[in-house]
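The values are calculated or read from the model by the stated rules, or taken from the named source; none is laboratory data. Just so it is clear, the model here is predicted, and its values are computed rather than measured. No Cβ is skipped: glycine too gets one built from the backbone with ideal geometry, and neighbour counts run over all protein chains shown.
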Amino acid sequence: MQKIHNYINGEIVAPAAGNYLDNVEPATGQIYSLIANSDEQDLEQAVAAAEAAKNHWGNSSLEKRAEILCRLADLIDANADELAKAEAVDNGKAITFAKAVDIYRSSANIRFFAHAATQFSSESHAMGDVAINYTLRDPIGIVGCISPWNFPLYLFTWKIAPALASGNAVIAKPSEITPMTAYLFSKLCIEAGLPKGVLNILHGTGAAIGGPITSHPKIKAISFTGGSATGAHIAKVTAGMFKKLSLELGGKNPTLVFADCDFEETVNEVVRAAFSNQGQICLCGSRIYIERSIYDKFKAAFVEKVSQLKIGDPLDETTQHGATVSQSHMDKILSYIELAQQEGGTILTGGKRHLMDGRCKKGFFIEPTVIEGLDNQCRTNQEEIFGPICTLMPFDTEQEALELANGTQYGLASSVWTNDLKRAHRVAKQIEAGIVWINCWLLRDLRTPFGGVKSSGVGREGGLEAMRFFTEPKNVCVKY
Ligand code: NDP
């Protein structure tokens, strides 16, 4: 059976202790590969490699770094079909989605930050004729990047690209649940000529290797994307170590539909916002608030559209809705459907595990599920489910819509659907979220700040924010 190995000091290597975990294909429920379950011995090797590589990489020319990173991006594009298939098998997502979103955006991330590094500049502050201050922005040294399973290669590259482009050596850990594309990526790093030790990829569980990465004294910054509970744990563990921390955490995102929206387009896009990637996107709009005057009409059109989503084998190019990522995640989502009914919700479509024949008969599929009749304060509307479930709720006034939207501990993303220009800006200003989309969803410009407020995180990724995070500013004051 294929083994997924670590990438340390420029080489693909087996874990020191020889321990492996099973890697399950979500669409079939079958083990199809084995994952290195790394431990502190592997981490020490990776840190030693990064330590040896960091100064040379950090002092190399921007052009050189950009050239290598662009080569890596080109290699992703050249291998897009293989990578998309690997992502679909490993994660359960539809292959067409994997290719159009995951893989396309992975190379885009790397290319973007390769160029961003060549455009990045620092400030100077003149003090009249007394002195001049200038800011040096040096790489931090060795940084840790920990990413989740929902966009395995995409979110992995979203972190390591700015970290590498700004001159750091990186220790990265993909999710143990979806390690395959990071493994394939490590082979592309070798092909692209990335110097040894500049990037080290360690596979394994959060407990066995994620924890040691976050608490290693030589790893000076941690960029983490994952659940809010894990983020809180990392914040606690690292509190006394004064590391730089970027935490991109969970979401429970509101979608606000006003009566004056473009109806057809809004229905289509709100379906996409709720169910893309089986609802397993931190940005998915899972709480949908609809102005009462169009509630029934919207509900009917929305439910019809959702019930037409084609559930199927992720490797079938016509599939729109694939498998959820694991048995345990599927069970968690199904338990929330149960809970929603206990809390008084009515299922309008979906609500069950979807059983298939043939290759996928043991797969972890869940029907896209729409629920109405729930109170905003119930657990279904307050807790992140991270699956193909959304709730519909009516509102009467803009103020009420805002109160409902802001009424959770989360504050990652939101979308607002209206043709009233003044209202769009007014609502955007008052929503407690790091991202507000007006009449669109998931439209991404990589230069924009990305991240959440409240329990959705601390810090911002994207564009210059990421370059700033991965560099240490030093003010130099020169007296004339
Ligand atoms: P987790 O928090 O469970 O895991 C995220 C990563 O952290 C994984 O690589 C995991 O390893 C690792 N990890 C787990 N425990 C520790 C630990 N103690 N120390 C260090 N690392 C650890 O999240 P999921 O993978 O389940 O991802 C889903 C979550 O991610 C959702 O809450 C979602 O909202 C959030 N997310 C947020 C985004 C954002 O930009 N704000 C974007 C995408 C997702 P392993 O899995 O191998 O155990």
When residues of the range 353-367 are limited to those that are touching a Phe, Trp or Tyr at 6+ places or on another chain (Cβ under 7 Å) and within 17 Å of PHE275 (Cβ to Cβ), the one surrounded by the most Cβ atoms within 10 Å (Cβ to Cβ): HIS354
Cross-chain or 6+ apart pairs with Cβ under 7 Å, the range 429-458 first and part of a helix (DSSP H, G or I) and more than 12 Å from the ligand (Cβ to nearest atom), then among the hydrophobic types (A, V, I, L, M, F, W, C) and modelled with pLDDT of 95 or more: GLN430/LEU402
Residue within the range 277-297 that is within 8 Å of the ligand (Cβ to nearest atom) and among the aliphatic types (A, V, I, L, M) present: yes
Any hit, the range 183-193, residues being in the same structural domain as LEU21 (by TED's automatic domain parsing), away from the ligand (no atom under 16 Å from the Cβ) and not in a helix (DSSP H, G or I): yes
Neighbours by Cβ (under 9 Å, 6+ apart or cross-chain): first from the range 343-372, not assigned by TED's automatic domain parsing to the domain that holds SER326; second part of a strand (DSSP E or B): none
Residue in the range 221-228 that is in a helix (DSSP H, G or I) and within 13 Å of the ligand (Cβ to nearest atom) present: yes
Index of the failed condition, LYS299 passing every other in (1) assigned to a helix (DSSP H, G or I); (2) touching a Leu at 6+ places or on another chain (Cβ under 8 Å); (3) crowded, with 22+ Cβ neighbours inside 10 Å; (4) of a type outside the set (Val, Ile, Thr): (3)
Qualifying residues in the range 1-56 (those that are among the charged types (D, E, K, R) and free of Cβ contacts under 8 Å to residues at least 24 places away in the same chain) - the one nearest to ASN91 (Cα to Cα): ASP22
Listing of helices (runs of 4 or more DSSP H) fully contained in the range 50-139 that carry 3 or more residues being under 18 Å from the mean Cα position of the chain (by Cα) and of a type outside the set (Phe, Trp, Tyr): 80-91, 104-119
Residue count, the range 311-366 (criterion: among the hydroxyl-bearing types (Ser, Thr, Tyr) and out of contact with any strand residue (DSSP E or B) (no Cβ under 9 Å at 6 or more places or on another chain)): 3
Residue pairs meeting the criteria (Cβ under 6 Å; at least 6 apart or on separate chains; first free of Cβ contacts under 8 Å to residues at least 40 places away in the same chain, in the range 209-235; second more than 6 Å from the ligand (Cβ to nearest atom) and in a helix (DSSP H, G or I)): SER215/VAL237
Selected residue [within 25 Å of LEU69 (Cα to Cα) and either in the same structural domain as SER33 (by TED's automatic domain parsing) or within 8 Å of the ligand (Cβ to nearest atom) (or both)] from HIS203, HIS233: HIS203
Search result, residues across the range 99-130 that are of a type in the set (Val, Ile, Thr) and free of Cβ contacts under 8 Å to residues at least 12 places away in the same chain: none
Candidate set from the range 313-331 (those that are under 19 Å from the mean Cα position of the chain (by Cα) and of a type in the set (Gly, Ala, Ser)); member that is farthest from MET356 (Cα to Cα): SER326
Those residues of the range 206-220 which are more than 7 Å from the ligand (Cβ to nearest atom) and either small (Gly, Ala, Ser) or under 20 Å from the mean Cα position of the chain (by Cα) (or both), in sequence order: ALA208, ILE209, SER215
Pair list, Cβ < 7 Å and 6+ apart or interchain, from the range 395-422 residues that are more than 16 Å from the ligand (Cβ to nearest atom) and modelled with pLDDT of 95 or more to residues that are acidic (Asp, Glu) and not in a strand (DSSP E or B): ASN406/GLU432; THR418/ASP260; ASN419/ASP260; ASN419/ASP262; ASP420/ASP260
